[in-house]
Structures are given as structure tokens and as C-alpha cells.
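First the structure, which I've put down as C-alpha cells, then a few questions once you've had a look.
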């Protein structure tokens with residue numbers, strides 16, 4: 001009798017977990033996104049329609065007033081920061097003109113700029129290597145974190161399926177992209193990001209952050225309000241911070257590649 005009761009309890013727990021969802025299907029037990037009708041990582045939220053990307057224009061010269069953050073050779077503009085707040089010299093692998101996320105098993109160190117930025121224009125290119133075979137949020141996960149907290153998602157979204165507000169070019173946990181412009185694994189993507197930092201008066205938010213994102217030459221966010229820092233399965237409210245903070249590339253434990261990174265202060 002006791003074994004039967006335990007078996008029924010396990011079955012009930014499995015049913016509840018299936019209903020709650022996962023990193024592939026999305027979730028049903030999360031809070032509603034601030035100002036929206038959808039839940040955070042909502043499993044029923046429609047996915048953006050696919051649009052084939054145009055030709056990648058990586059050969060265009062950098063603007064004359066751009067600060068080159070990665071030229072294909074040097075990580076002198078960067079350092080590493082652990083989730084515990086420790087700092088170290090930048091040590092991701094650099095080869096063939098790109099830098100690839102390489103961290104020890106179980107260790108996640110974001111690569112952040114030594115300098116800090118507020119309002120800015122950012123250009124970078126990224127690739128999910130062809131050998132990455134994860135599903136959902138394990139599909140080659142990284143992110144471009146403006147001010148180290150407001151994230152434009154990096155993920156394989158040509159074939160890989162995950163919740164709409166967590167796919168490539170989403171403002172993570174808040175807004176899916178207007179369209180899905182992802183190419184196949186092993187092909188380069190470009191992001192052009194135009195960011196307006198939030199304004200604070202002491203601890204009070206005076207004006208939220210806004211961002212415009214162009215993915216592979218296609219507009220996917222147009223002056224979109226950022227609702228707060230990126231967070232998994234929850235809404236994260238704004239907390240006052242300095243007017244300038246580092247740009248961060250997220251280590252999510254997957255070998256994502258970056259190249260041709262520059263920034264302009266606005």
C-alpha cells in the first residue's frame with residue numbers, strides 16, 4: 001500500500017512538472033510579464049514568423065568614432081567576471097578572427113568590458129557552432145548584456161525551438177523579436193543595437209531603458225521599452241545603478257563565437 005501511495009505521488013509530481021513546462025516548451029506557472037497578458041517564458045506565446053536573412057555586411061568599415069572592442073586578435077579591452085563577483089584576465093579562446101566562450105566545466109565567467117557605457121550603439125557578430133546539439137535554452141546559449149543586466153538573447157533559433165521570449169534576438173523574458181531572422185548553425189549573425197540607458201533620481205526610476213535591435217539587417221525591436229534586468233522565470237524590477245556600466249557577453253556554458261565588436265557612445 002505504501003509503495004502504491006509513493007508511486008501515485010511520483011506520478012502527480014511528474015504531471016505537475018509537465019504542466020509547469022521546461023526550457024523547450026516554456027512555462028505555465030510563471031508570473032505575468034509587467035504590462036502584458038503573457039506570462040514570463042509563456043509556453044503558449046506565438047513564435048515570430050521566420051524571415052530569411054540577407055547578406056551579412058561584415059566587410060563594412062567601422063565608423064571613424066567607434067571604439068573597437070574586439071579586432072579579431074586582442075582581448076585587451078575585456079576582463080572576466082564570475083557570478084560571485086570575482087575578476088580575472090580575459091581568457092576565452094581567440095583564433096581565426098573570433099573569440100569563443102570556453103570556461104571550465106561548471107564555471108561561468110562572463111566577459112565584460114573594462115570601460116563603462118551608457119547610451120550607445122553596439123555592433124557585433126556571433127555564431128552558434130555547427131556541432132552544438134542542445135535543445136531549448138541549451139541550443140548554444142549566450143547573450144549581449146547592456147550595462148551587464150539588460151539582455152539581447154543569443155541562441156540557435158533556425159531549427160531549435162524554445163519559449164518565444166527566450167529565442168534569438170529576444171529581450172530575454174520580456175519581448176520576442178518582431179521576426180525570426182536566424183540562419184543555420186555555423187553561419188554568422190550580426191546585431192546592431194541602439195540603446196538608451198535608464199535614468200534614476202536617487203533610488204527612483206525616472207525613465208526606463210529603450211532599445212532598437214537590427215538582426216542580420218532586419219529590424220526586430222523598434223524603440224522597445226526594457227522592463228527591467230533580464231531574469232529567468234520572473235520579473236526583475238529596476239534597481240538604481242550608475243549611469244555607465246560595462247557591456248557583458250554572457251557565459252551560459254556553451255561554445256558561442258563572437259567577432260567584429262565595436263561600440264559608439266551616443
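The values are calculated or read from the model by the stated rules, or taken from the named source; none is laboratory data. All values derive from a computational prediction rather than experimental measurement. FYI the Cβ positions are ideal-geometry reconstructions off the backbone, even for glycines, and counts take in every protein chain you see.
Since residue 221 meets every condition but one in (1) part of a loop (DSSP other than H, G, I, E, B); (2) surrounded by 22 or more Cβ atoms within 10 Å (Cβ to Cβ); (3) modelled with pLDDT of 95 or more, which condition does it not meet?
Against the list (1) part of a loop (DSSP other than H, G, I, E, B); (2) surrounded by 22 or more Cβ atoms within 10 Å (Cβ to Cβ); (3) modelled with pLDDT of 95 or more, residue 221 comes up short only on (1).
Looking at region 208-217, can you tell me whether even one residue there is in contact with a strand residue (DSSP E or B) (Cβ under 6 Å, 6 or more places away or on another chain), assigned to a loop (DSSP other than H, G, I, E, B), touching a residue at least 12 places away in the same chain (Cβ under 8 Å) and under 19 Å from residue 137 (Cβ atoms)?
No, region 208-217 contains no residue that is in contact with a strand residue (DSSP E or B) (Cβ under 6 Å, 6 or more places away or on another chain), assigned to a loop (DSSP other than H, G, I, E, B), touching a residue at least 12 places away in the same chain (Cβ under 8 Å) and under 19 Å from residue 137 (Cβ atoms).
Next question, about the same structure. Tell me, yes or no, whether region 126-144 has at least one residue that is within 30 Å of residue 243 (Cβ to Cβ), in a helix (DSSP H, G or I) and touching a residue at least 60 places away in the same chain (Cβ under 8 Å).
First, the residues of region 126-144 that are within 30 Å of residue 243 (Cβ to Cβ): 126, 141-144.
Those still in the list that are in a helix (DSSP H, G or I) too: none.
Within region 126-144 (the criterion being within 30 Å of residue 243 (Cβ to Cβ), in a helix (DSSP H, G or I) and touching a residue at least 60 places away in the same chain (Cβ under 8 Å)), the answer is no, since none of the residues qualifies.
To keep it simple, each residue is scored yes or no on (1) at pLDDT 95 or above; (2) surrounded by fewer than 18 Cβ atoms within 10 Å (Cβ to Cβ).
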residue: 113; (1), (2): yes, no
residue: 116; (1), (2): yes, yes
residue: 133; (1), (2): no, yes
residue: 140; (1), (2): no, no
residue: 146; (1), (2): yes, no
residue: 168; (1), (2): yes, no
residue: 180; (1), (2): yes, no
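Given 264, 259, 234, which one is out of contact with any strand residue (DSSP E or B) (no Cβ under 7 Å at 6 or more places or on another chain), surrounded by fewer than 22 Cβ atoms within 10 Å (Cβ to Cβ) and modelled with pLDDT of 95 or more?
After applying the criteria, what remains is 234.
Kindly evaluate residue 125 against the criterion of being surrounded by fewer than 22 Cβ atoms within 10 Å (Cβ to Cβ) and closer than 23 Å to residue 214 by Cβ. Talk me through it step by step, then tell me what you get.
On the way: surrounded by fewer than 22 Cβ atoms within 10 Å (Cβ to Cβ): yes; closer than 23 Å to residue 214 by Cβ: yes.
Answer is yes for this residue.
For residues that are in a strand (DSSP E or B) and free of Cβ contacts under 8 Å to residues at least 60 places away in the same chain, scanning just region 224-258, find the one that is nearest to residue 149 (Cα to Cα). Break it down into steps so the answer makes sense when it comes.
The first filter runs over region 224-258 and keeps only residues in a strand (DSSP E or B), leaving 224-225, 245, 248-249, 257-258.
Going one step further and asking which of them are free of Cβ contacts under 8 Å to residues at least 60 places away in the same chain, we end up with 224-225.
Working: 224: 16, 225: 14 Å.
Among those that are in a strand (DSSP E or B) and free of Cβ contacts under 8 Å to residues at least 60 places away in the same chain, it is 225.
Of (1) in contact (Cβ under 8 Å) with a residue 40 or more places away in the chain; (2) more than 20 Å from residue 244 (Cα to Cα); (3) touching a strand residue (DSSP E or B) at 6+ places or on another chain (Cβ under 6 Å), residue 108 satisfies all except one. Which?
(3)
Go through 97, 21, 85 for me and flag whichever is free of Cβ contacts under 8 Å to residues at least 12 places away in the same chain and on the phi > 0 side of the Ramachandran plot. Write out each step before concluding.
Details: 97 fails: free of Cβ contacts under 8 Å to residues at least 12 places away in the same chain; 21 fails: free of Cβ contacts under 8 Å to residues at least 12 places away in the same chain.
The unique qualifying residue is 85.
Can I ask one more? I'm trying to understand the selection: among the residues of region 151-180, which are closer than 13 Å to residue 215 by Cβ, outside any strand (DSSP E or B) and touching a residue at least 24 places away in the same chain (Cβ under 8 Å)?
Answer for region 151-180, where residues must be closer than 13 Å to residue 215 by Cβ, outside any strand (DSSP E or B) and touching a residue at least 24 places away in the same chain (Cβ under 8 Å): 155, 157, 158, 167, 168, 169, 176, 177, 178, 179.
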